[in-house]
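Q: Below is the structure I would like to discuss, written out as structure tokens.
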Amino acid sequence: MRTILPFNDQWLFAPEPLDARTPDDRFKTVTLPHTTVELPHRNFDPSEYGFISTYRKRFTMPEPAKGRRVFIEFDAAMIAATVSINGVQVGINEGGYTPFSFDLTEHLRGGENLLQVELDSSERADIPPFGYVVDYLTFSGIYRDVRLVIVDNVHVENVFTRTSDVLTAPKLSADVRLRNANRFDRAVSIRATLHPYLQRGSANAVTQEVTALVPPDGTLTTTLHFDNLSGIHLWSLDDPKLYTLEIEVTADSGLIDTYTTRFGFREAIFKDDGFYLNGSKIKLIGLNRHQMYPYIGAAAPQRLQCRDAEILKYDLGVNIVRTSHYPQSPHFIDACDQLGLLVLEEIPGWQFIGDEDWKGIVLRDVEAMIMRDRNHPSIVLWGVRINESWDDEALYTATNALAHKLDPTRQTGGIRYFLTSQFLEDVFTYNDFSNTVVEPSHTPHLVTEHNGHMFSTKTFDNEERQVEHALRHLRVQDKQFGMPNVTGAIGWCAFDYNTHKEFGSGDRMCYHGVMDIFRLPKFAAYVYESQIDPKVRPLVRAATFWTPGDRAANGNDPLVVFSNCEELEVYLGDKLYGRFQPDRETYPSIPHAPFVVKGLAHNMTHWGENYFDLHLVGLIDGKPAAEQWIEANSLPVQLVLEADDTELDADGADMTRLVFKVTDKYGNRLPYAIMPINFTLEGAGNLVGENPFPLVGGQGAMYVRAHTSPGTITVTASTPRLPSATVTIVTR
Ligand code: GAL
């Protein structure tokens with residue numbers, strides 16, 4: 001039987017290369033996911049983390065491994081890992097974004113074993129994405145999960161669930177690859193069970209079984225067919241139904257392996273006239289996501305990975321995310337499956353193609369990405385070009401062929417920024433920085449980036465710039481909604497990110513997000529959020545800080561209000577200023593156009609005139625559905641502190657975000673409140689972040705990490721002149 005041991009805890013870490021004889025007192029104990037150094041949220045560069053470090057873990061085998069194989073599996077480590085066990089090197093992995101595993105069996109001992117990883121986190125020119133410049137930081141550490149897997153000499157190596165005819169007569173074909181590490185062949189029977197299988201209203205399982213002879217020292221792939229499945233519930237954006245397939249392998253000695261994989265039944269096709277999910281056309285509206293977080297680089301545990309997917313799905317309301325520019329955490333992709341969020345996943349790389357060895361890694365990355373992720377229903381397109389690289393016919397013919405061979409069920413794209421680039425993929429995926437949407441040169445056409453560096457915008461920029469940033473996203477999205485030959489547009493990007501000196505705002509940040517690096521919204525976030533179906537969540541979001549004299553020539557004219565309501569009432573204090581309709585003339589195509597309120601200058605905001613609270617009421621069917629208040633008297637009145645979660649796992653790695661802001665009496669952040677906030681923590685956890693924290697645009701965030709002992713964590717935030725704020729988190 002298969003044993004899977006989570007292997008994240010009790011690692012020893014030293015920020016230098018050390019050999020296996022170096023005593024443990026040179027190391028400190030850490031839990032994975034781990035970054036080699038915690039950083040501020042900006043103003044640093046790769047020299048702070050780009051070094052060689054050493055990880056080690058001492059362990060005894062939990063059970064005898066005779067007649068079995070023992071693998072160490074890493075979900076990823078940045079960027080080159082040399083792994084040894086008991087002083088014997090078992091392998092080197094080059095590449096920071098895909099999983100790797102090594103067979104430890106021959107070198108294990110009865111007593112204590114020493115697993116050691118020498119990890120090079122420098123910008124290695126021989127490994128993608130490096131070789132030239134790159135617009136993002138890659139960070140360091142064994143930053144994803146690790147496990148020890150013990151299996152029989154004959155075991156399942158991979159299962160590919162291929163669904164077909166899902167709209168008419170759903171079928172499932174499961175390709176099961178078995179490995180036999182014995183020197184003799186082995187007769188086995190393979191049983192596959194589909195859960196939950198609902199027939200005539202009752203939950204059942206349905207099973208298929210085959211027998212096979214697995215050759216010595218080799219592999220065998222057998223396909224099990226489930227035809228004529230009835231009552232299959234399709235995976236969709238609103239109802240992302242998931243199934244699991246459980247594989248059991250039996251030999252004469254009994255059950256020798258079990259393996260489960262999760263998947264969904266859905267049909268996803270890019271056609272010349274649009275993207276179709278389960279036969280219905282859906283306009284794709286999305287954002288790019290980098291995997292980096294403030295302070296911890298890429299080393300975010302499961303909870304934060306899932307939270308990002310929730311932010312994209314529920315706070316931003318998008319239906320697709322591009323994992324720019326590399327395969328992202330399995331927890332993130334799992335969450336996209338669970339929430340119903342489509343994914344374009346791509347290989348690592350940025351604007352540069354290296355030599356033949358480097359290209360060899362590219363092909364390996366294609367394989368590793370697809371082998372890891374081809375059962376995820378959320379993934380609808382593979383990106384098999386280096387983002388924005390020049391044409392390379394031989395390389396991209398090979399990446400496309402490999403992708404189609406490993407996964408005949410999905411189309412490919414390859415992200416480019418020139419329209420004349422060779423079209424070797426199935427979908428023409430194009431980064432469009434024209435500030436509009438260009439007429440496609442090939443179809444199917446998908447815009448994979450827009451905006452970004454064309455109008456970098458900070459949460460602490462002037463209101464006019466933040467409004468224009470939002471309008472630029474709006475114009476592109478509105479335009480693409482009106483173009484039947486464009487399948488969708490994925491904006492650059494969801495969150496601000498850390499970058500190199502060749503890019504960004506000098507503080508090593510690219511302020512390209514519709515949210516900041518803390519995942520707190522700019523006005524541009526409201527362009528996306530306001531496209532949410534009002535039945536799900538009606539909302540009104542004014543793109544203003546409602547100050548009398550901060551814009552050119554003072555006042556607030558025009559006032560742009562993003563909303564999914566049908567009508568808008570604008571009140572100044574208690575007095576109705578007017579009723580407004582969405583601005584369909586300027587934005588004819590996007591599902592929910594904003595309200596553009598004009599003339600406010602003449603009514604109230606003459607320089608120095610009496611200034612009132614802004615009160616907005618969104619109406620649906622003539623009835624109030626959502627409202628917003630912004631105070632005219634915008635003095636700091638409260639320090640708000642909120643935790644995303646009130647409970648954490650006491651595993652030494654789990655984290656939640658703490659958001660804090662200084663607000664008016666209605667809870668609106670005051671963008672020019674830049675006071676320092678001091679934090680204290682009591683209990684079974686620690687703060688991860690800058691403390692004191694000088695507010696950025698009136699707000700900020702840090703994390704609380706749980707320790708391994710359960711208990712209660714209390715965090716208090718304080719600043720002179722305001723009452724302090726406290727949150728309590730329980731760890732179990
Ligand atoms: C693109 C690139 C992205 C990012 C973006 C900024 O050219 O693909 O990684 O740099 O520009 O707008």
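Q: Could you list, in sequence order, all residues of the stretch 478-491 that are crowded, with 24+ Cβ neighbours inside 10 Å and either within 16 Å of the ligand (Cβ to nearest atom) or among the charged types (D, E, K, R) (or both)? Let's see the steps before the verdict.
A: Let us first name the residues in the stretch 478-491 that are crowded, with 24+ Cβ neighbours inside 10 Å, namely 480, 486-491.
Passing the criteria: Ala489, Ile490, Gly491.
Q: While we're here: Taking Ile713, is it in the same structural domain as Gly652 (by TED's automatic domain parsing) and more than 26 Å from Ala653 (Cα to Cα)?
A: On the way: in the same structural domain as Gly652 (by TED's automatic domain parsing): yes; more than 26 Å from Ala653 (Cα to Cα): no.
The answer is no for Ile713.
Q: When you scan the stretch 383-396, how many residues do you find that are charged (D, E, K, R) and either in a strand (DSSP E or B) or within 11 Å of the ligand (Cβ to nearest atom) (or both)? Don't jump to the end; show me each part of the working.
A: Going through the stretch 383-396, the residues charged (D, E, K, R) turn out to be 385, 388, 391-393.
Remaining after also requiring either in a strand (DSSP E or B) or within 11 Å of the ligand (Cβ to nearest atom) (or both): 388.
Final tally of qualifying residues: 1.
Q: Go through the stretch 268-334 and tell me which strands (runs of 3 or more DSSP E), entirely inside it, have 2 or more residues that are touching a Leu at 6+ places or on another chain (Cβ under 8 Å), within 20 Å of His376 (Cβ to Cβ) and away from the ligand (no atom under 16 Å from the Cβ).
A: On the way: elements: 268-271, 274-277, 280-282, 284-288, 320-323.
Hits in the stretch 268-334: 268-271, 274-277.
Q: Name the single residue that is most open to solvent (accessible area, probe 1.4 Å) among those in the stretch 335-378 being on the phi > 0 side of the Ramachandran plot and within 16 Å of the ligand (Cβ to nearest atom). Working first, answer last.
A: Initial filter on the stretch 335-378 (on the phi > 0 side of the Ramachandran plot): 340, 349, 351.
Filter again for within 16 Å of the ligand (Cβ to nearest atom), leaving 349, 351.
Numbers: Gly349: 0, Gln351: 47 Å².
Of everything passing the filter in the stretch 335-378, Gln351 is most open to solvent (accessible area, probe 1.4 Å).
Q: Scan the stretch 704-727 and tell me whether some residue there is open to solvent by 10 Å² or more (accessible area, probe 1.4 Å) and under 23 Å from the mean Cα position of the chain (by Cα).
A: yes
Q: Consider only pairs whose beta carbons are under 6 Å apart and that are at least six residues apart or on different chains; among these, list those whose first residue lies in the stretch 350-362 and is within 20 Å of Ala401 (Cβ to Cβ) and charged (D, E, K, R) and whose second residue is open to solvent by less than 50 Å² (accessible area, probe 1.4 Å) and more than 16 Å from the ligand (Cβ to nearest atom).
A: So the pair list comes out as Lys359/Leu395.
Q: Go through the stretch 440-453 and give me each residue that's away from the ligand (no atom under 16 Å from the Cβ) and surrounded by fewer than 23 Cβ atoms within 10 Å (Cβ to Cβ). Full working, then the answer.
A: From the stretch 440-453, those away from the ligand (no atom under 16 Å from the Cβ) are 440-445; that's our starting set.
Scanning the stretch 440-453 gives Pro440, Ser441, His442, Thr443.
Q: While we're here: Only residues that are under 11 Å from the mean Cα position of the chain (by Cα), of a type in the set (A, V, I, L, M) and closer than 13 Å to Leu520 by Cα: list them for the stretch 308-326, please.
A: Ile311, Leu312
Q: When you go through Val210, Val188 one by one, which is the residue that is in the same structural domain as Ala174 (by TED's automatic domain parsing) and open to solvent by less than 20 Å² (accessible area, probe 1.4 Å)?
A: Working: Val210 fails: open to solvent by less than 20 Å² (accessible area, probe 1.4 Å).
On inspection, the qualifying residue turns out to be Val188.
Q: Let me ask something additional. Of the numbered conditions (1) assigned to a strand (DSSP E or B); (2) open to solvent by 10 Å² or more (accessible area, probe 1.4 Å); (3) of a type outside the set (A, V, I, L, M), Pro548 fails exactly one; give the number of that condition.
A: That leaves (1) as the condition not met.
Q: Looking at Tyr55, is it aromatic (Phe, Trp, Tyr) and in a loop (DSSP other than H, G, I, E, B)? Lay out the reasoning, then the answer.
A: Values: aromatic (Phe, Trp, Tyr): yes; in a loop (DSSP other than H, G, I, E, B): no.
Judged against the criteria, Tyr55 is not a match.
Q: Looking only at the stretch 1-59, filter to residues that are under 27 Å from the mean Cα position of the chain (by Cα) and of a type in the set (Ser, Thr, Tyr); which one of those is most open to solvent (accessible area, probe 1.4 Å)?
A: Ser47
Q: Next question, about the same structure. Pairs under 7 Å by beta carbon, first residue open to solvent by 10 Å² or more (accessible area, probe 1.4 Å) in the stretch 454-476, partner within 15 Å of the ligand (Cβ to nearest atom) and part of a loop (DSSP other than H, G, I, E, B), six or more apart or different chains?
A: Close Cβ pairs (under 7 Å, with a partner that is within 15 Å of the ligand (Cβ to nearest atom) and part of a loop (DSSP other than H, G, I, E, B)) amount to Met454/Phe433; Met454/Asn435; Ser456/Ser505; Ser456/Tyr511; Ser456/His512; Lys458/Tyr511; Arg465/Thr457; Arg472/Asn435.
Q: Name the residues in the stretch 414-427 that are away from the ligand (no atom under 14 Å from the Cβ) and under 23 Å from the mean Cα position of the chain (by Cα), would you? Working first, answer last.
A: Step one: of the stretch 414-427, the residues away from the ligand (no atom under 14 Å from the Cβ) are 419-420, 422-427.
Listed by number, the list holds a single entry, Val427.
Q: Filter the stretch 109-135 for residues that are assigned to a loop (DSSP other than H, G, I, E, B), away from the ligand (no atom under 16 Å from the Cβ) and surrounded by fewer than 15 Cβ atoms within 10 Å (Cβ to Cβ) and give the result.
A: Arg109, Gly110, Gly111, Ala125, Asp126
Q: Quick check on Tyr430: is it farther than 25 Å from Thr163 by Cα, in contact with a Lys or Arg (Cβ under 9 Å, 6 or more places away or on another chain), away from the ligand (no atom under 16 Å from the Cβ) and open to solvent by less than 50 Å² (accessible area, probe 1.4 Å)?
A: On the way: farther than 25 Å from Thr163 by Cα: yes; in contact with a Lys or Arg (Cβ under 9 Å, 6 or more places away or on another chain): yes; away from the ligand (no atom under 16 Å from the Cβ): no; open to solvent by less than 50 Å² (accessible area, probe 1.4 Å): yes.
Here the answer is no, as Tyr430 does not meet what is asked.
The values are calculated or read from the model by the stated rules, or taken from the named source; none is laboratory data. All figures in this text were calculated on a predicted structure; none of them were measured in a lab. Cβ sites come from the backbone with ideal geometry, for glycine too, and all protein chains shown count toward neighbours. All accessible areas refer to the heavy atoms of the entire protein, side chains included, with ligands and DNA or RNA removed. Shrake-Rupley method; radii C 1.70, N 1.55, O 1.52, S 1.80 Å.
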